[in-house]
Amino acid sequence: MYYLRSALDWHNPEVQAKLGWADVLLFQRNVIGPEIWDAMSYWKALRKIVLVDLDDGYSCIPASNPAFPHWILNTPGLDPDPVPALEEGLRHADALIAPNRVLLQDWAHVVAGYYWQNFPSILDYQDLQPRDIANPDYLFSYPDAPELKKLNPDEPPPLLQNERPGSKGRLVIGWGGSISHVDSFVYSHVVEALARILKEFPHVDFKFCGNDDRLDFLWKELPKDQFIRQNGVLPRKDWPQVVSQFSIGIAPMDMRPVEGKTASQVNNYSYDERRSSLKLTEYLCAGVPFVATRCHPYEELGHLGKLVENTPDAWYNALRERILGYDHFKTEAMKNRQWALKKLTIENNAERLIRLYAKIGEEAQARTGLRVPNTTFVNPEVATEIDETLHVEELDPPFWSGHPHEVGRAPYDVKAKKGARDVAREPWMTAADLEIGSILEYPLTAKLNQIYREHERRTEEAIVADDGRAIADQPLETT
Amino acid sequence: MGGPSQTSLWKPLSELFQLVVADSQAAEHAAGLGLRVGVLGAAMDPPAIEQAKVHALELSSHLLAKIDEVYSLDPAIPHMNGAFLKSWYVPMVFDQATTASLRLIAAEKFHSEDGGFVGILLHEDVTEASRAISQFGRMRGIPVLHIPHANHFLQPGTDDIHCQINSDFIGVYGEYMRQWYLKCGASEAQIELIGGAQWDDLYDKERIPERLHSRRALGYKEDDFIVAAATTWFQDTGVWGRGNEDLEWMAHRFLHACKKLNAKPLIKLNPGEPDERHKDWMDTMLAYGLHGSISKWHNEMTYSAADVMVVFGPSNLGVAAQIAGCPIVELMIPSARYPEAYGIPATWGDELEDCILAARGSARNDQFIRDMNYDNDGGAVKRAVDWVRKHTGV
């Protein structure tokens, strides 16, 4: 694997040489400029499988999302606007891959869509030690700048784990994510439930992981000493350490339906319902029991935890159950973890993904009119030679009737089988301890049948001809 | 010995065993799957070859002498006596004895020098090659396991060669095959229900091509009425019917029905048929003025694209088509038959159009599938591997 910063400079021979090795070229997200479309067209013309990967409903992105000004207000001043430009970019692809079927449907008028979940790497999860609540809870950080200077710059900075004082025996409800989840918290009503839970269970904390300070107005509802913040953006390899500290994970989603704002938009789904199921996948791979909003992306994995409607009571009841029955739910989650590491990780889905790419390529080829190999295609409208001697309108009635097990056996077939079987039983028909007679039985049965059939044919011919020809003095036409 | 029906077993078995296959073609196939397997007799030295020829020559000489003493395979048939018999039978015996001896020498060499066999797995146990290997296994006390490559649908207990048993244990596809082998003389203890390993993939929806794609790729339109034909050919180990005359009539009958129903034929040739059959079918389809395609391959696309598949005789391809959800009709041939109890529409030809229309859109026949492919769950590979482990003690 290598990283090619200049991949879009596709006129460059070096770039062409590197990317030319690929069968599949995957463009992620922002296919919104002519230079990108040109690159896609070039590689597509060379019969590469050109894909776009989207995991967000950019066409209906809400005002609370920091990407709203870019995608909807077009603050960069792109021409055309970003959403029409994305549509144009998708037209240059063979297919769209997304971890969400609503998203695929939103763009179905433009490009063929293929569902593919987001999976984490098993390498990041397999050695995790999920936290026992008897042990302390940790917050994570990296060395500060002066310290970093002393370290090898070629190696990733070490993750520092800092024990949270007084955290032994405390149960941690956790969430972590990007800065696009304001509405998920506001409109799921999970915060009201958390406020009740933390008040009722003094040994429970809520840990919020991420850099979004726009939700601070909500956290004021929670007891200050039970609200924990894990700051910073952690790289993928370190993120599982954070998740593994959670006793219970939550995944709230905003369920207010929005228009997809595309020609094939799906009605009655929210912006959040165009997200992936990655959060549940992470909880499962880390062995964390979870409570999540009942929503489209979580339909497949939701049964491995608890899905709730977006009401304060539903969240409260589900969280309370998991706190009171924590040992049971943790045991279940650890069992689910074994399944998840096998089924929900990149490495264990690599072959499936390769098959999907091949399938996309084949389907794209078929859409352009290419046909499968090793096949004869028959089209009478373009045929130059048609055998006029075939009388297709006349057809004799079926020759046979009765039960197939009881009709049509050649009279000599019994003799051929018996003859070969007799040879198989000859005691002298051996070589090197092997019963050659038995080994001969299969080919000899076929051979004797051929001889009998040929003999029968010649006999019939001789009878018809009545010319006294000897039938036995010529070599047989058998194989 | 690995045939195509067992390819899906190779990878899981190779994780437990060092696999040795009987021919280099299978080894190349395995290499294409990224598996390293040994080949029996890959490097036979000249003395071993000479030794095998000597064994064969001794037997052939003995046979020559016996023919001179009026040995006959059938006194009433000239070509089974005297000089005629010598002309083909003695070379046949010599060739078979040489090949079998070479196989034995190669197997003995591997068994004594390279760690030895813990088991022998056959995909059929009646042909000359499988019998030689089977005899070796039995001589050396190595369990000989047989996973038949197909249901035969012949009369249970028939004198057909496929009803013979040259193995110690049989891993059968389903209840139908179990009953069939019991009637052929196998004991209950010899048989275990496994399922058809080559059909496991049909239970994985991701591996079945989409209907629209299959139609496009095979040259059809989205709304075509497509009727597939799973064709057959005749073998001389059992002679039933009129041979090619029957096949030709069936082809015409099938295309006649397509014409009448305004359907497009999709011809799925049997891989055992000669390549010339492409041209025969093409000529006949052109004469009927029918669009369509002809191939030996693309099975899954055929199941997916077709509205109905007409099987020429009770084909195992019909079982696969049913698993994949494609309705089937049996155009009957002498000798073999799907058991009537399953209600698969069947005809000698006179009611073919009605059968096709009745089958179109019909639901999967779950009892048929379950009895042909235990346990209708796509878990045959795992059961087969467990079964091999049980009998090899690994």
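Readers should treat all values here as calculations from the given coordinates under stated rules, not as data from a laboratory. Keep in mind the model is a prediction, meaning the values are calculated, not measured. Every residue, glycine among them, receives a Cβ derived from its backbone with ideal geometry; neighbour counts consider all protein chains shown.
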Work out the mean other chain Cβ neighbour count within 10 Å for the residues of B:286-292 and drop it here as an integer.
6
Counting only DSSP beta bridges with both residues in the range B:205-372, what percent are antiparallel, rounded to the nearest 5?
5
Measuring from centroid to centroid over Cα atoms, what is the spacing of the range A:313-352 and the range B:199-274 in Å?
47
Paramagnetic label zone (point 7 Å from Cα along Cα-to-C-beta, B:R360; backbone N under 12 Å) in the range B:248-286
B:258-264
Surpassing 31 Å at the alpha-carbon level, of the pairs A:K359/B:K268; A:K417/B:K259; A:K48/B:K296; A:K417/B:K86; A:K168/A:K306, are A:K417/B:K259
Within chain B, the percent of DSSP beta bridges that are antiparallel, given to the nearest 5, stands at 10
Taking each residue of A:407-418 in turn, how many C-beta atoms of other protein chains fall within 10 Å of its C-beta, and what is the average?
5
With every atom except the alpha carbons ignored, what do you get for Rg and Dmax of chain A, in angstroms?
35.2, 116
Paramagnetic reach from A:R371 (point 7 Å along Cα→Cβ, amide N under 13 Å) across the range B:250-279
B:265-267
Given a Förster radius of 56 Å and the C-beta distance between B:V118 and A:E460 as r, what FRET efficiency does 1/(1 + (r/R0)^6) yield to the nearest 0.05?
0.55
Mean Cβ neighbour count within 10 Å, used as a protection proxy, ranking B:258-266, B:368-376, B:203-211 highest first
B:368-376, B:258-266, B:203-211
Using only the alpha-carbon atoms, how far is helix A:326-343 inclined from the longest principal axis of chain A? Give it as 0 to 90 degrees, nearest 10.
40
Return the distance in nm (one decimal) between the two label points of a simple spin-label model at A:L353 and A:W21, each offset 7 Å from Cα along Cα→Cβ.
1.7
The distance between the Cα centres of the range B:126-160 and the range A:8-28, in whole Å, is 54
Could you rank the peptides B:100-108, A:425-433 by their average count of other C-beta atoms within 10 Å per residue, with the highest value first?
B:100-108, A:425-433
Förster radius 51 Å - calculated FRET efficiency between B:A31 and A:N135, Cβ distance, rounded to 0.05
0.50
Determine the calculated [θ] at 222 nm for the protein assembly as shown from helices alone, applying -39500 (n - 2.57) to every DSSP H run no shorter than 4 residues and normalising by the residue count; nearest 500 deg cm²/dmol.
-12500 deg cm²/dmol
Testing the spin-label approximation: label points 7 Å from Cα along Cα→Cβ at B:V70 and A:R256. State their distance in nm.
10.8
What number comes out for the charge environment of B:Y71, summing +1 per Lys or Arg and -1 per Asp or Glu over other residues with Cβ under 11 Å away?
-1
Surface/4 of the Cα convex hull for the protein assembly as shown, nm²
47.5
Are there trypsin sites (Lys or Arg not before Pro) in the range A:313-383 that DSSP marks as loop and that have at most 14 other Cβ atoms within 10 Å, and which are they?
A:R371
If you take every DSSP beta bridge whose two residues both sit in the protein assembly as shown, what share of them, in percent to the nearest 5, is antiparallel?
20
Kindly put A:S178, B:S130 in sequence by how many other C-beta atoms sit within 10 Å of each C-beta, fewest to most.
A:S178, B:S130
Residues of the range A:94-111 with amide N under 20 Å of the 7 Å Cα→Cβ point at A:L4:
A:94-95
Chymotrypsin sites (Phe, Trp or Tyr not before Pro) in the range A:1-59 lying in a DSSP loop, each with at most 10 other Cβ atoms within 10 Å of its Cβ, come to A:Y2, A:Y3, A:W21
Using DSSP to call loops (not H, G, I, E or B), can you name the trypsin sites (Lys or Arg not before Pro) in the range A:163-225 whose Cβ has at most 16 other Cβ atoms within 10 angstrom?
A:K168, A:R214, A:K220
Taking every Cα atom in the range A:122-346, find the radius of gyration and the maximum pairwise distance Dmax, and write them in Å.
17.7, 55
Tell me, what is the FRET efficiency for B:E222 and A:N267 to the nearest 0.05, using R0 = 25 angstrom and their Cβ-Cβ distance as r?
0.45
Pairing the Cα long axis of helix A:436-465 with the longest principal axis of chain A, what angle in degrees results, from 0 to 90 and rounded to the nearest 10?
50
Taking the Cβ of each residue in B:M250, B:M285 as the centre, tally the other Cβ atoms inside 10 Å and list the residues starting with the fewest.
B:M250, B:M285
How would you order B:175-183, A:256-264, A:445-453 from highest to lowest mean count of nearby Cβ atoms within 10 Å?
A:445-453, B:175-183, A:256-264
In peptide B:124-134, how many Cβ atoms from other protein chains are near each Cβ within 10 Å, on average?
3
Using 5 Å bins from zero, what percent of all Cα-Cα pairs in the range B:258-356 falls into each bin?
2, 12, 22, 25, 24, 12, 3, 0
Using Cα pairs closer than 8 Å and at least 6 residues apart in sequence, work out the relative contact order for the range A:402-454, in percent.
38
Find the cysteines in the protein assembly as shown that fail to meet the 4.7 Å Cβ criterion with every other cysteine, and list them.
A:C60, A:C209, A:C285, A:C295, B:C258, B:C326, B:C355
